[in-house]
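Everything on this sheet refers to the single structure shown next.
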Amino acid sequence: MTDLVTPRLILRPMTVTDAQQVAADRPADGVRWAPGYPWPGEMGAARRFLDSCSESGDPTPYGPYGIRRRKDGLVIGGAGFHGAPYEKGRVTIGYGLVESVRGLGYASEALRALLRFTRDQGIASVHGDTDLDNIASQRVMTAAGMRLVKEDALLKHYRVDWDGPARQE
């Protein structure tokens, strides 16, 4: 699987070895993590990826991706899928960044890259959710083209639907 590259970011598919290092909070030799990476949620996502790999095989390309800045290679967060496509080509996404780089547009840039990728793969629908009070994440999904489709007592649910491959931008 190849990296997803944007003007400022590289989204690198996480390998089993990468996930083991994130879950253990120990970067590999030569890999630089931003302060605060990984946070507990990112370590939990790495453990879920490892469980998925052992139970049903590696879901790549529908697994987690490390988000690196192109200018310095620093790992600043993670984004990716909660698993392989289900129910007629649906996937669920998630993302997060270290606090020091939030508000700079990186999350929207990473999410747009994931959405283009899924569309090019023929995925019909991408879903995501966020806490009711997480205004920043709600703005990220809206900026990337997702729309609010449902709200319950805990979460706001977003999605984007399409037919056919993405046009090059």
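The values are calculated or read from the model by the stated rules, or taken from the named source; none is laboratory data. Everything numeric in this text was worked out from a predicted model, so none of it was measured. Glycine gets a Cβ as well: all are built from the backbone with ideal geometry, and neighbour counts include every protein chain shown. These area figures cover heavy atoms from the full protein model, side chains too; ligands, DNA and RNA do not enter into them. Shrake-Rupley method; radii C 1.70, N 1.55, O 1.52, S 1.80 Å.
How far apart, in nm, are the 7 Å Cα→Cβ label points at Glu99 and Asp131?
Simple spin-label model gives 1.3 nm for this pair.
If you roll a 1.4 Å probe over the chain with all protein chains in place, what percent of the accessible area is carbon or sulfur?
49
Determine which aspartates and glutamates satisfy two conditions relative to Lys88: a Cα distance under 18 Å, and not lying fewer than 8 residues away in the same chain.
Qualifying aspartates and glutamates at Cα under 18 Å: Asp120, Asp161, Asp163.
How much accessible area does Trp162 have with a 1.4 Å probe, in Å² rounded to the nearest 10?
For Trp162, solvent-accessible area is about 40 Å².
With axes computed from alpha carbons, what is the tilt in degrees of helix 106-120 against the longest principal axis of the chain, rounded to the nearest 10 within 0 to 90?
60
Tally Lys/Arg at +1 and Asp/Glu at -1 over every other residue whose Cβ is under 15 Å from the Cβ of Met43; what's the total? Write down the numbers at each step before the final one.
Values: positive: Arg26, Arg47, Arg48; negative: Asp18, Asp25, Glu42, Asp51.
Here the charged neighbours net out to -1.
So with the 1.4 Å probe, I'd like the accessible area per residue for the chain, rounded to whole Å².
About 54 Å² of surface per residue is accessible.
Taking Cα atoms, how many degrees apart are the long axis of helix 40-56 and the longest axis of the chain, rounded to 10 and kept between 0 and 90?
80
For region 29-158, calculate the relative contact order in percent as a whole number, restricting contacts to Cα pairs under 8 Å that are 6 or more residues apart.
18
With a point put 7 Å past each Cα toward its Cβ, work out how far Lys71 is from Arg32 in nm, to one decimal.
Taking the two extended label points, one gets 1.2 nm.
Under the rule a/c < 1.5 gives rounded, and otherwise a/b versus b/c splits prolate from oblate, where does region 9-131 land using the Cα gyration tensor?
Details: a/c = 1.81, a/b = 1.24, b/c = 1.46.
Here region 9-131 falls in the oblate category.
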